[in-house]
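Worksheet for the structure shown next.
The values are calculated or read from the model by the stated rules, or taken from the named source; none is laboratory data. The structure presented is a predicted model; accordingly, all values stated were derived computationally and were not measured. Here Cβ is always computed from backbone atoms with ideal geometry, including for glycine, and neighbour counts include all displayed protein chains. Only protein heavy atoms, including side chains, enter the accessible area calculation; ligands, DNA and RNA are left aside. Shrake-Rupley method; radii C 1.70, N 1.55, O 1.52, S 1.80 Å.
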Amino acid sequence: MKQLVLATNNKHKAGEFQSLMSDLGVEILTLDQFPQIGEIVEDADTLEGNAEKKAAEVFRATHLPTLADDSGLEVHYLNMEPGVFSSRYAGPGATYADNCNKLLVNLRGVPPRRRAARFRCVLCFLARDDGRSVEEGVCRGVIIESPRGNNGFGYDPIFLPDGSSRTLAEMSSIEKNSLSHRAGAVRLIRPHLISYFQTK
Ligand code: ITT
């Protein structure tokens, strides 16, 4: 079976990708199957830069078609923070709860109409030395005042997608996968994957 490496160490993200791409007929490998690849330092100042860096390092190490994701939450009132720092917003080693709490503290007293936010997911597909495909998905919503729900991960319990009365953490994984930033990015990168794997 054809293989694709998913360049993430985040098991939640990997699980969402597995569901979103289960129909592609491609075996999806994850980084825990390549222990020789150490930690990839995400030091670019954009999601695009980090996605491209992760894809390039994993492709170089595995020589297998690679899909890398960098994602983050951007809050308008906070000048688009935490953005590229989403996973370490409350400092190195921060838990998801620490990051959510820091965000809620920074938005304390801010009225609902000024709590707009968006998740962005940038995907980079790299399968040849001479070309890459980069696509982006966005999910818009607002940050609520206290966490709700136990599903999902990261900032899901405090993010209410536009048009929904439930946070991403109150949705099933199928519902989240119908509207998430990751789903949007996969929809756009899908034709690139199909055309690459068709010729293999
Ligand atoms: P990898 O770099 O190994 O892929 P990571 O968790 O560091 O794992 P990112 O750099 O893309 O991944 O960081 C994204 C952070 O943004 C993540 O840790 C979450 O806190 C948040 N995030 C991304 N997608 C999310 C989602 O669908 N729901 C909730 N939070 C999300």
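Only one of Gly72, Gly109 is closer than 20 Å to Ala169 by Cα, modelled with pLDDT of 95 or more and not in a helix (DSSP H, G or I). Can you tell me which? Of Gly72, Gly109, the one residue that is closer than 20 Å to Ala169 by Cα, modelled with pLDDT of 95 or more and not in a helix (DSSP H, G or I) is Gly72.
Taking Val142, is it more than 12 Å from the ligand (Cβ to nearest atom), open to solvent by less than 60 Å² (accessible area, probe 1.4 Å) and part of a loop (DSSP other than H, G, I, E, B)? Step through it out loud before you land on a result.
Values: more than 12 Å from the ligand (Cβ to nearest atom): yes; open to solvent by less than 60 Å² (accessible area, probe 1.4 Å): yes; part of a loop (DSSP other than H, G, I, E, B): no.
Spelling it out, it is not the case that Val142 is more than 12 Å from the ligand (Cβ to nearest atom), open to solvent by less than 60 Å² (accessible area, probe 1.4 Å) and part of a loop (DSSP other than H, G, I, E, B).
Would you mention how many residues in region 45-55 are open to solvent by less than 30 Å² (accessible area, probe 1.4 Å) and either within 10 Å of the ligand (Cβ to nearest atom) or assigned to a loop (DSSP other than H, G, I, E, B) (or both)? Final tally of qualifying residues: 4. Quick check: is even one residue across region 90-104 open to solvent by less than 30 Å² (accessible area, probe 1.4 Å), away from the ligand (no atom under 11 Å from the Cβ) and at negative phi? Yes: one or more hits.
Within region 24-31, identify whether any single residue is away from the ligand (no atom under 12 Å from the Cβ), acidic (Asp, Glu), part of a strand (DSSP E or B) and open to solvent by 60 Å² or more (accessible area, probe 1.4 Å), and answer yes or no. Even if it seems obvious, please write down each step before you answer.
First pass over region 24-31, keeping only residues away from the ligand (no atom under 12 Å from the Cβ): 24-29.
Narrowing the set further to residues that are acidic (Asp, Glu) leaves 27.
In the following step, the residues that additionally are part of a strand (DSSP E or B) were identified as 27.
Those still in the list that are open to solvent by 60 Å² or more (accessible area, probe 1.4 Å) too: 27.
Yes, there is a match, as at least one residue in region 24-31 is away from the ligand (no atom under 12 Å from the Cβ), acidic (Asp, Glu), part of a strand (DSSP E or B) and open to solvent by 60 Å² or more (accessible area, probe 1.4 Å).
Please work out which residue is most open to solvent (accessible area, probe 1.4 Å), limiting yourself to region 166-177 and to residues that are in a helix (DSSP H, G or I) and within 13 Å of the ligand (Cβ to nearest atom). The extreme case among them is Ser173.
Residues that are surrounded by fewer than 21 Cβ atoms within 10 Å (Cβ to Cβ) and within 12 Å of the ligand (Cβ to nearest atom) within region 148-160 comprise Gly149, Asn151, Phe153, listed in sequence order.
Scanning region 58-80 for residues that are within 12 Å of the ligand (Cβ to nearest atom) and either surrounded by fewer than 18 Cβ atoms within 10 Å (Cβ to Cβ) or of a type in the set (Gly, Ala, Ser) (or both) turns up Ala68, Ser71, Gly72.
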